[in-house]
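S.K.: Have a look at this one before I ask anything.
The values are calculated or read from the model by the stated rules, or taken from the named source; none is laboratory data. No experiment lies behind these values; they were computed from the predicted model shown. Neighbour counts run over all protein chains shown; Cβ positions are idealised from the backbone, glycine included. All accessible areas refer to the heavy atoms of the entire protein, side chains included, with ligands and DNA or RNA removed. Shrake-Rupley method; radii C 1.70, N 1.55, O 1.52, S 1.80 Å.
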Amino acid sequence: GAGVSQSPSNKVTEKGKDVELRCDPISGHTALYWYRQSLGQGLEFLIYFQGNSAPDKSGLPSDRFSAERTGGSVSTLTIQRTQQEDSAVYLCASSFQLGGQETQYFGPGTRLLVL
Amino acid sequence: AQSVTQPDIHITVSEGASLELRCNYSYGATPYLFWYVQSPGQGLQLLLKYFSGDTLVQGIKGFEAEFKRSQSSFNLRKPSVHWSDAAEYFCAVASMFSGGYNKLIFGAGTRLAVHP
């Protein structure tokens, strides 16, 4: 079946502009995660959604970052007033099981470059 | 705090040679462990996982990993490397949150180069 999809694949923006990154999880997966992969910080957790529950935003690096998940499926990560340090690969993952023996499946990522 | 250490940043092997990528974790409870592979410009692909039971787990592409609790290790192995195995490999441990979900904590990755 179809895996996790993300769009756009690549995004180049100017400092100070807002960007939106989209994630389509695997059909039927209830949990959705965003991670960021950057040269200096490696792979780091950003935010978690489970169904229609309130997300865990504990990994978001600043209040310029926000995310939403509509209808328990598609998620959008928004970065406002982008900074050069926001340049990274943003990875989305989804999973079916809650906690315990849960396997996260990743999308191809969105490569963001802030000039 | 939970952590994952991959001591080797970069490894080069010849095609057909055996491979072992090291991973050490720090986690208070029974760990759930994963190896992912990332080819250039791609996302993360799951190679294998350990939840419980047999400490030697088999994965895709001929990879296996062995969980050793006494050494806090989960090393990845392959008996004969192919040129297509050149990629970056990430070890991860699932850190259970109080909300009942898992945040993956990743190692820094090991970049594998394969000589023809």
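S.K.: Could you please tell me which pairs satisfy a Cβ distance under 8 Å, a separation of 6+ or placement on different chains, a first residue in segment A:31-49 that is at the interface with chain B (Cβ under 8 Å from one of its Cβ atoms) and without any contact (Cβ under 8 Å) to a residue 12 or more places away in the chain, and a second residue that is outside any strand (DSSP E or B) and not aromatic (Phe, Trp, Tyr)?
M.R.: A:Gly42/B:Gly107; A:Gly42/B:Ala108; A:Gly42/B:Gly109
S.K.: How do the strands (runs of 3 or more DSSP E) wholly within segment B:1-95 filter down when requiring 1 or more residues that are at pLDDT 95 or above and within 12 Å of chain A (Cβ to nearest Cβ): which remain?
M.R.: Answer list for segment B:1-95: B:3-5, B:33-38, B:45-50.
S.K.: Somewhere in segment B:59-77, is a residue open to solvent by 80 Å² or more (accessible area, probe 1.4 Å), of a type in the set (A, V, I, L, M) and out of contact with any Ser or Thr (no Cβ under 6 Å at 6 or more places or on another chain)?
M.R.: Looking through segment B:59-77, none of the residues is open to solvent by 80 Å² or more (accessible area, probe 1.4 Å), of a type in the set (A, V, I, L, M) and out of contact with any Ser or Thr (no Cβ under 6 Å at 6 or more places or on another chain).
S.K.: Can I ask one more? Just give me the residues in segment A:1-24 being open to solvent by 20 Å² or more (accessible area, probe 1.4 Å), at pLDDT 95 or above and part of a loop (DSSP other than H, G, I, E, B), in sequence order.
M.R.: A:Pro8, A:Ser9, A:Glu14, A:Lys15, A:Gly16, A:Lys17, A:Asp18 - these are the residues of segment A:1-24 that are open to solvent by 20 Å² or more (accessible area, probe 1.4 Å), at pLDDT 95 or above and part of a loop (DSSP other than H, G, I, E, B).
S.K.: Same structure, new question: Restricting to segment A:13-61, count the residues that are in contact with a Lys or Arg (Cβ under 9 Å, 6 or more places away or on another chain) and basic (Lys, Arg).
M.R.: Total meeting the criteria: 2.
S.K.: B:Leu104 fails exactly one of the following numbered conditions: (1) of a type outside the set (Phe, Trp, Tyr); (2) more than 17 Å from B:Pro7 (Cα to Cα); (3) away from every other protein chain (no Cβ under 14 Å); (4) open to solvent by less than 10 Å² (accessible area, probe 1.4 Å). What is the number of that condition?
M.R.: (3) is the only condition that B:Leu104 fails.
S.K.: OK, next. State which residue is most open to solvent (accessible area, probe 1.4 Å) when the search covers only segment B:1-34 and only residues that are within 11 Å of B:Phe67 (Cβ to Cβ) and aromatic (Phe, Trp, Tyr).
M.R.: Per the stated criteria, the residue is B:Tyr32.
S.K.: Considering only residues that are of a type in the set (S, T, N, Q) and part of a strand (DSSP E or B), look in segment A:56-115 and name the one that is most open to solvent (accessible area, probe 1.4 Å).
M.R.: Ranking the candidates gives A:Ser66 first.
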